[in-house]
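This report concerns only the one structure given below.
The values are calculated or read from the model by the stated rules, or taken from the named source; none is laboratory data. Keep in mind that this is a model prediction, so the values were computed, not measured. Every residue, glycine among them, receives a Cβ derived from its backbone with ideal geometry; neighbour counts consider all protein chains shown.
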Amino acid sequence: MKFNIKKNDLLKGLQQVGSILVKNPSFPILENILIEIKENILSLTATNLETEIITKIPINYVYQTGNIVVSGKKLLNICRNLPNQSIIQIEKKNNKINIISNNSYFSLITISPKNFPNLCQFEHEKEFYISQYILKKMILATQFSMANQDIRYYLNGMLFDIKENNFRTVTTDGYRMAIYNTPINFSNSSCSIIIPRKSILELVRLLHNNESLLHILIGKNNIRIKIENIILTSKLISGVFPNYNTILLNYPIKIIGVKISTLKKSLSRVAILSNQNIHGVHLHLNHGRLEISAKNQEEEEAKEIIDLIYFANVDFRININVNYVLDVLNTLTGQNVYFLMQKNTSKIQLEEDKISSVSYIIMPLHI
């Protein structure tokens, strides 16, 4: 194997796949990248056994095709420190690769490609297309409420749920839930899969804010997403995701409406003296204004009263994790947020002004 490539092209490809490289003493090959040259296309592949990323780079100067496995971190660091606009020559000789650029020379050992894990061999059963912009927006609006290392493994990811030509991304950690809904053309009747947290974080990193279409293929145990010159393949989480339709409020009423910027600043200040274990604050609708208060273990207190843009004639009191509310407010892009409730339930539903596609459910604290 022997080829020439521009430093910036190689560096970009290595950065796209390099984030999933992991140090694993029991499986050291996961610290490596598979490099393949075929028909003037350079393919770089990395995997952590749960997620695989392949990026394809067209190159002009191929002298000999082939494949090798080499340390991803070392190759990335070498490439990063070479001068911009330089040309890199990579050549395999025996069990090593030589990397030459200007007056720089490096020689790295290689591993047989036969030992490199392969996640991408699967047959898809369903497929659909969606724009990068829409999918990235859906993930960013819901990813924060994914569980992390929960024993209920099916919560450690994001639900992709397609029914009746509606596509929903749903996440929950058992205490809060985020749901984003968008219409989609889907030829199959329905589809429901859970994608692991790490794969979701890698996916949103790779997505761009443009309208180019993604091709999503779904197999029995894997999902493959084609993003321009990148292919991301991920294992799916087996298990039954909670029925989010039973958690959403039926016929809720608006309790309060408030400017997002005002509420965010007030909550951040009051949270300074909240209990550092449960991060609880108390919200009370009092004579058309919202009273926010907190108390910590040292009996220190904080209280603020803010004006509302809307309020209902009801007795509204709730103890709630302030970080959960701030996570929602930091995600919203509009000016106002509304708190909704339903009779015979104490959970609240947050929705953005004039935006019905996304909803957030937060369970109360019992202090």
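Just one of the listed residues (187, 261) is surrounded by fewer than 18 Cβ atoms within 10 Å (Cβ to Cβ) and closer than 24 Å to residue 334 by Cα, namely 261.
Would the range 338-345 turn up any residue that is in a loop (DSSP other than H, G, I, E, B), under 33 Å from the mean Cα position of the chain (by Cα) and not assigned by TED's automatic domain parsing to the domain that holds residue 146? Looking through the range 338-345, at least one residue is in a loop (DSSP other than H, G, I, E, B), under 33 Å from the mean Cα position of the chain (by Cα) and not assigned by TED's automatic domain parsing to the domain that holds residue 146. Residue 267 meets the stated requirement of being out of contact with any strand residue (DSSP E or B) (no Cβ under 6 Å at 6 or more places or on another chain), surrounded by 20 or more Cβ atoms within 10 Å (Cβ to Cβ), at pLDDT 95 or above and more than 30 Å from residue 167 (Cβ to Cβ).
Scanning the range 277-300 for residues that are on the phi > 0 side of the Ramachandran plot and without any contact (Cβ under 8 Å) to a residue 12 or more places away in the chain turns up 287, 299.
Do we find a residue being basic (Lys, Arg), free of Cβ contacts under 8 Å to residues at least 60 places away in the same chain and outside any strand (DSSP E or B) anywhere in the range 200-211? Scanning the range 200-211 turns up no residue that is basic (Lys, Arg), free of Cβ contacts under 8 Å to residues at least 60 places away in the same chain and outside any strand (DSSP E or B).
Which numbered condition trips up residue 53, out of (1) touching an Asp or Glu at 6+ places or on another chain (Cβ under 6 Å); (2) more than 20 Å from residue 1 (Cβ to Cβ)? So the condition that residue 53 fails would be (1). In this structure, is residue 250 at pLDDT below 95, within 19 Å of the chain's Cα centre (by Cα) and assigned to a loop (DSSP other than H, G, I, E, B)? Answer is no for this residue. Considering only the range 255-276, how many residues are in contact (Cβ under 8 Å) with a residue 60 or more places away in the chain and part of a helix (DSSP H, G or I)? Residues in the range 255-276 being in contact (Cβ under 8 Å) with a residue 60 or more places away in the chain and part of a helix (DSSP H, G or I): 5 in total. Going by the structure shown, is residue 328 over 27 Å from residue 153 (Cα atoms), buried (at least 18 other Cβ atoms within 10 Å of the Cβ) and not acidic (Asp, Glu)? For residue 328, the condition - over 27 Å from residue 153 (Cα atoms), buried (at least 18 other Cβ atoms within 10 Å of the Cβ) and not acidic (Asp, Glu) - is not met.
Among the residues of this structure, residue 226 does not count as one that is in contact (Cβ under 8 Å) with a residue 24 or more places away in the chain and either acidic (Asp, Glu) or surrounded by fewer than 20 Cβ atoms within 10 Å (Cβ to Cβ) (or both). List the number of the failed condition for residue 332; all other conditions in (1) at pLDDT 95 or above; (2) touching a helix residue (DSSP H, G or I) at 6+ places or on another chain (Cβ under 7 Å); (3) closer than 21 Å to residue 177 by Cβ hold. Checking residue 332 against (1) at pLDDT 95 or above; (2) touching a helix residue (DSSP H, G or I) at 6+ places or on another chain (Cβ under 7 Å); (3) closer than 21 Å to residue 177 by Cβ, the one that fails is (1). Consider the range 6-36 and keep the residues that are of a type in the set (A, V, I, L, M) and modelled with pLDDT of 95 or more. The one that is surrounded by the fewest Cβ atoms within 10 Å (Cβ to Cβ) is 11. For beta carbons closer than 6 Å, sequence separation of 6+ or different chains, a first residue in the range 341-367 that is in contact (Cβ under 8 Å) with a residue 40 or more places away in the chain and more than 18 Å from residue 285 (Cα to Cα) and a second that is surrounded by 19 or more Cβ atoms within 10 Å (Cβ to Cβ) and aromatic (Phe, Trp, Tyr), the qualifying pairs are 358/180.
Checked against the criterion of being under 21 Å from residue 286 (Cβ atoms) and free of Cβ contacts under 8 Å to residues at least 40 places away in the same chain, the range 319-337 contains not a single residue that satisfies it. Residues in the range 168-181 that are among the hydroxyl-bearing types (Ser, Thr, Tyr) and surrounded by 17 or more Cβ atoms within 10 Å (Cβ to Cβ): 169, 171, 172, 180.
Residues in the range 1-42 that are under 27 Å from the mean Cα position of the chain (by Cα) and of a type in the set (Phe, Trp, Tyr): 27 only.
Checking 130, 162, 195, 218 one by one, the residue that is crowded, with 16+ Cβ neighbours inside 10 Å, within 30 Å of residue 70 (Cβ to Cβ) and β-branched (Val, Ile, Thr) is 195 and no other. Checked across the range 20-35, the condition of being over 19 Å from residue 113 (Cα atoms) and touching a residue at least 24 places away in the same chain (Cβ under 8 Å) holds for no residue. Can you spot a residue in the range 123-137 that is assigned by TED's automatic domain parsing to the domain that holds residue 222, in contact with a strand residue (DSSP E or B) (Cβ under 8 Å, 6 or more places away or on another chain), closer than 23 Å to residue 349 by Cα and among the polar types (S, T, N, Q)? Within the range 123-137, not a single residue is assigned by TED's automatic domain parsing to the domain that holds residue 222, in contact with a strand residue (DSSP E or B) (Cβ under 8 Å, 6 or more places away or on another chain), closer than 23 Å to residue 349 by Cα and among the polar types (S, T, N, Q). What are the residues in the range 285-322 that are within 34 Å of the chain's Cα centre (by Cα) and surrounded by fewer than 15 Cβ atoms within 10 Å (Cβ to Cβ), if any? Of everything in the range 285-322, those that are within 34 Å of the chain's Cα centre (by Cα) and surrounded by fewer than 15 Cβ atoms within 10 Å (Cβ to Cβ) turn out to be 309, 310, 317.
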